[in-house]
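S.K.: Got a structure for you, written out below as structure tokens; questions coming shortly.
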Amino acid sequence: MDFGDAVKSGFVRYFDFVGRSSRSEYWWWTLFVFITGLVIGAIEFSLGLGTTSAYGPLSGLLSLLTFIPGLAVLVRRLHDVDRSGWWVLIIFVPLIGFVLLIYWMVIHGTHGPNRFGEDPLMVADA
């Protein structure tokens, strides 16, 4: 999956917490949100919006627009490594939770179908 497909998939599958997402879909989506946040932050800074201690209105809007699809692609990525979406709550365990989630986002997904659906890489090749 390339950058454009991942961004499109993120918005098309806005509330879709079922199925699987490949590593590339997750990381391209993450890169999109990061770069968009930098651009919007630069725009807000140049316009004098926001403060050093708080987000500006455009950053808040970006957060609102990307929170649910970001969570959905994270859950689908957990499904790809054969983990329940509820594992996202491990982020609340200081340090260990963050490291474990990053590990799961980096490793290869389950080859072939698993309990959450078909392998997204095999479906894309078909």
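The values are calculated or read from the model by the stated rules, or taken from the named source; none is laboratory data. Here the structure is a predicted model, which is why all the values come from computation and not from measurement. Here the Cβ positions follow ideal geometry from the backbone for every residue, glycine too, while neighbour counts run over all protein chains shown. Each accessible area value is taken on the protein alone, full model and side chains, heavy atoms only, with ligands, DNA and RNA left out. Shrake-Rupley method; radii C 1.70, N 1.55, O 1.52, S 1.80 Å.
S.K.: Among residues other than Lys8 whose Cβ falls under 14 Å from its Cβ, what is the net charge (Lys/Arg +1, Asp/Glu -1)?
M.R.: Values: positive: Arg13; negative: Asp2, Asp5, Asp16, Glu25.
It works out to a net charge of -3.
S.K.: Moving on to the next point. Using a probe radius of 1.4 Å on heavy atoms only, what accessible surface per residue do you get for the chain? Whole Å² is fine. Display every interim value, and only then the final one.
M.R.: Values: 7950 Å² over 126 residues.
Accessible area per residue: 63 Å².
S.K.: How large a share of the accessible area of the stretch 17-102, in percent, is made up of carbon and sulfur atoms when the probe is 1.4 Å and the other protein chains stay in place? List each step's numbers first, then the result.
M.R.: Numbers: 4080 of 5140 Å².
Of all accessible area on the stretch 17-102, carbon and sulfur atoms account for 79 percent.
S.K.: To the nearest 10 degrees, how steep is helix 3-12 against the longest Cα principal axis of the chain, on a 0 to 90 scale?
M.R.: Approximately 90 degrees, to the nearest 10.
S.K.: Now for a separate question. To the nearest 20 Debye, how big is the dipole of the chain about its Cα centre, given +1 on the beta carbon of each Lys and Arg and -1 on that of each Asp and Glu?
M.R.: Numbers: 8 positive and 10 negative charges, 53 e Å.
So the dipole magnitude of the chain works out to roughly 260 debye.
S.K.: With axes computed from alpha carbons, what is the tilt in degrees of helix 96-106 against the longest principal axis of the chain, rounded to the nearest 10 within 0 to 90?
M.R.: Computed tilt is about 70 degrees.
S.K.: Simple spin-label model, 7 Å along Cα-to-Cβ: Phe98 to Ile43 in nm?
M.R.: 2.8
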